[in-house]
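> Please read through the structure below; I'll follow up with questions.
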Ligand code: AMP
């Protein structure tokens with residue numbers, strides 16, 4: 001496993017290792033959600049690269065960029081069993097040298113939900129993913145359904161810019177109580193950690209109502225809000241029942257919907273979602 005800090009090392013390594021490449025972009029602080037993507041990439045490609053980069057351009061000023069966990073040694077140990085060929089862990093200066101001034105902007109899909117709450121976030125994501133694709137030149141890239149809007153934005157970008165990469169999406173890995181695994185879960189106090197299971201309970205309640213025939217978007221959003229309201233530590237940012245393709249809120253659901261939410265526990269912001277199909 002080569003640990004590359006520079007772009008030139010990655011390019012040289014890629015030249016020497018012909019065959020199909022799978023890339024798993026991450027911000028590190030790896031957990032089973034990340035590792036499930038690595039395992040899939042390992043099974044489907046001759047070579048596997050994992051990038052570990054806490055991307056400053058996708059964090060707003062004053063957010064958790066500085067305190068985001070960066071346990072690189074532990075991450076490298078966790079990757080050992082997966083026989084990864086290359087770990088790309090650049091510095092911010094390597095990715096954004098002085099006078100950097102080009103960004104990738106996906107227009108409509110970045111407006112609602114996370115985009116509305118985190119202005120500029122998806123511009124940072126689309127830009128860094130484009131750069132990672134150009135540096136690693138993977139045949140396939142692996143993303144988690146946990147970040148459903150990110151998947152939609154990247155798929156759109158790949159289509160619009162004719163990027164020669166197949167996007168593969170892995171299911172959300174969860175703790176025993178349903179909490180979606182996330183590097184940010186370590187910020188939670190023990191009381192907040194217990195309370196955080198309410199996101200999945202709310203999503204499941206909406207899913208159950210949907211499968212019992214409820215098709216009203218507002219009714220289903222109310223189901224989720226009702227469950228979240230039972231947890232006093234939860235501060236709701238948004239609750240959504242949207243068209244999975246456009247991410248626009250639905251009044252009447254036909255055959256599918258993306259239920260999603262962002263909820264704060266103290267200063268920790270968690271997101272989760274479920275895709276339902278009739
Ligand atoms: P991050 O390090 O949070 O940027 O995540 C890197 C990749 O792992 C993204 O494609 C995420 O969607 C994915 N991911 C994060 N959490 C999970 C999870 N619980 N299950 C599956 N994939 C995940």
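The values are calculated or read from the model by the stated rules, or taken from the named source; none is laboratory data. No experiment lies behind these values; they were computed from the predicted model shown. Cβ placement follows ideal geometry from the backbone for every residue including glycine, while neighbour counts extend to all protein chains displayed.
> Would you mind stating whether residue 220 is free of Cβ contacts under 8 Å to residues at least 60 places away in the same chain, under 30 Å from residue 94 (Cβ atoms) and over 20 Å from the mean Cα position of the chain (by Cα)?
For residue 220, the condition - free of Cβ contacts under 8 Å to residues at least 60 places away in the same chain, under 30 Å from residue 94 (Cβ atoms) and over 20 Å from the mean Cα position of the chain (by Cα) - is not met.
> Which of the residues that make up region 175-187 are in a loop (DSSP other than H, G, I, E, B) and away from the ligand (no atom under 12 Å from the Cβ)?
Listed by number, the residues that qualify are 176, 177.
> Out of region 89-108, which residues are touching a residue at least 40 places away in the same chain (Cβ under 8 Å) and closer than 18 Å to residue 161 by Cα?
103, 104, 106, 108
> Within region 9-25, take every residue that is in a loop (DSSP other than H, G, I, E, B) and in contact (Cβ under 8 Å) with a residue 40 or more places away in the chain and give me the one that is farthest from the ligand (Cβ to nearest atom).
17
> Here's a follow-up. Return only the number of the condition from (1) free of Cβ contacts under 8 Å to residues at least 24 places away in the same chain; (2) over 24 Å from residue 65 (Cα atoms); (3) within 15 Å of the ligand (Cβ to nearest atom) that residue 162 does not satisfy.
Exception for residue 162: condition (3).
> Report those helices (runs of 4 or more DSSP H) wholly inside region 188-251 carrying at least 3 residues which are buried (at least 20 other Cβ atoms within 10 Å of the Cβ) and touching a helix residue (DSSP H, G or I) at 6+ places or on another chain (Cβ under 9 Å).
Output list reads 198-211, 217-229.
> Restricting to region 26-53, and then to whatever is out of contact with any helix residue (DSSP H, G or I) (no Cβ under 8 Å at 6 or more places or on another chain) and assigned to a loop (DSSP other than H, G, I, E, B), can you tell me which residue is surrounded by the most Cβ atoms within 10 Å (Cβ to Cβ)?
Top of the filtered list is 45.
> Okay, moving on. From 178, 226, 217, grab the single residue that is modelled with pLDDT of 95 or more and within 28 Å of residue 35 (Cα to Cα).
Just one listed residue meets the conditions, 178.
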